[in-house]
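Everything on this sheet refers to the single structure shown next.
The values are calculated or read from the model by the stated rules, or taken from the named source; none is laboratory data. Since we're looking at a predicted model, the values are computed, not measured. Positions of Cβ are generated from backbone atoms using ideal geometry, with glycine treated the same way; all protein chains shown enter the neighbour counts. The protein model used for the area step is the full one, side chains on, heavy atoms only, and it has no ligands, DNA or RNA in it. Shrake-Rupley method; radii C 1.70, N 1.55, O 1.52, S 1.80 Å.
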Amino acid sequence: MSEEPAFSIDVETAIAAIPAAAWDGCAAPEAMDGGRPKDPFTTHRFLLALEESGSVGGRSGWLPRHLKATTPDGRLAGVMPLYGKTHSQGEYVFDHNWAHAFEHAGGDYYPKLQGAVPFTPATGRRLLTAPGAPAETDLALLQGAIRLAEANGLSSLHVTFCTEAEWRRGGEYGLLRRQDQQFHWESRGYSTFADFLADLASDKRKNLRKERAKAVENGVRIHRLTGDDIREEHWAAFWDFYQDTGSRKWGRPYLTRRFFDLAQERLRDDALLVMCERGGRWIAGALNFIGRETLFGRYWGCVEHHPFLHFETCYYQAIDAALELGLTRVEAGAQGAHKLARGYLPTSTWSLHHITDPRFRRAVSDYLGRERAAVDEEIEYLRSRGPFRKGDEHGREAE
């Protein structure tokens, strides 16, 4: 690491201790005029809802330790959403094998530090620097996080779902770099869903149309709701869907019921609910968040199972909504090679890691080098198997 810049680095154990305008001036300066943020998940209102709802903090295993970088003249130059972790749940960048190996060797892997948005595998800035901040601000935040980990005897620091630019900068600073993949949809100048369909190979196009028709053939009606169109009844129904999915996938839901109450109060303009109705009853739904350029799919659940309804609600409706909102990208969450046939192509995701123990750090570094090569090969292979007409470009990785 290079010499430390002249910043004051402070730790806040609650985001409420940082004024919303100051935080958002670093996290989402493009939205300070009232527009949408690029990343709705790093906004003060979203992170505050997680804390005030009890979804993080307390006994959740996510303990807020947010960093502030202040210049000598007292100006807030940057912030970093940071958490002390006592487990590896809700991160979507899996380090369970690292934890097992570290503890098998006699060390304590937990607690650790996590630079992330809890329960949210969406790529975005993690080193949130204000416009005009000194170029060294990101380094100051990284050094502050590493110093916090080492001063408290923690095993490691993990900065997950960061941007590629941060990933490259972090590597220059000496952090270990990990690469994974998700499946994202990107518009190639489409105006309508029909334009997207026309871009697919004929067999994929026919299959997609068939899936959409079957998803609603049992009298299912689909509603897209945002802003004031979302009412308490929708959140109440979605809570039932979310509980069902959460208990099956994670053992318990990550978000509390109170989070959805706060979402209605503070986040409904950021949210897009896709709700499925049959016979006057809500039977399924998907929760998305709207960014400046991207629609982020987050949670799905149902109380009735219908063929292809998951694909329709989470993937096809998201594409429709993105086009309607003038967005160019859909991130539909983690994993899911089944998304490939539905127009979602593999895209790299990035994370940075600092391991305190030098011997374990070398072992992880060797592993990550091999893993990155394998991920690159898989992405190249999967893109060659995409659903688009032969001879067409298959999109580009997001910068």
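Let me know the charge dipole size of the chain about its Cα centre in debye, to the nearest 20, where only the beta-carbon of Lys, Arg (+1) and Asp, Glu (-1) is charged. Let's see the in-between values first.
Details: 51 positive and 56 negative charges, 216 e Å.
Computed about the Cα centre, the dipole is about 1040 debye.
Our summary gives the chain a relative contact order of 20 percent, counting only alpha carbon pairs under 8 angstrom and 6 or more residues apart. Relative contact order for region 1-125: 24 percent, from Cα pairs under 8 Å spaced at least 6 residues apart, divided by residue count.
Name the shape class, rounded, prolate or oblate, that the alpha-carbon gyration tensor gives for region 144-245, where a ≥ b ≥ c are the square roots of its eigenvalues, rounded holds for a/c under 1.5, and otherwise prolate holds if a/b is larger than b/c and oblate otherwise. Oblate, since a/c reaches 1.5 and b/c is not below a/b. The calculated 222 nm mean residue ellipticity attributable to helices in the chain amounts to -10000 deg cm²/dmol, summing -39500 (n - 2.57) over DSSP H runs of n ≥ 4 and dividing by all residues. Listed cross-link partners LYS68/LYS339; LYS206/LYS339; LYS38/LYS206; LYS112/LYS339 are compared with a 27 Å cut-off, the Cα-Cα value being larger for LYS68/LYS339; LYS38/LYS206; LYS112/LYS339. When the Gaussian network model of the chain links Cα atoms closer than 10 Å, the mean-square fluctuations of VAL159, VAL375, VAL79 top out at VAL375.
Other residues whose C-beta falls under 11 angstrom from the C-beta of SER55 contribute a net charge of 0, scoring Lys and Arg +1 and Asp and Glu -1.
Ligands, DNA and RNA left out, the 1.4 Å accessible surface of the chain is 48% carbon and sulfur atoms.
Accessible surface computed residue by residue for region 1-134, with neighbouring protein chains in place and a 1.4 Å probe, gives 40 Å² per residue.
Can you tell me how region 78-212 classifies by the Cα gyration tensor, rounded, prolate or oblate, using a/c under 1.5 as the rounded cut?
Numbers: a/c = 3.22, a/b = 1.74, b/c = 1.85.
Oblate, because a/c is 1.5 or more while a/b does not exceed b/c.
Here's the list of aspartates and glutamates a cross-link from LYS390 could span, going by alpha-carbon distance under 16 Å and ignoring same-chain residues fewer than 8 apart: ASP199, ASP203, GLU380. The largest accessible area among SER155, SER202, SER187 belongs to the first residue in SER202, SER187, SER155, and the rest follow in falling order (1.4 Å probe, all chains).
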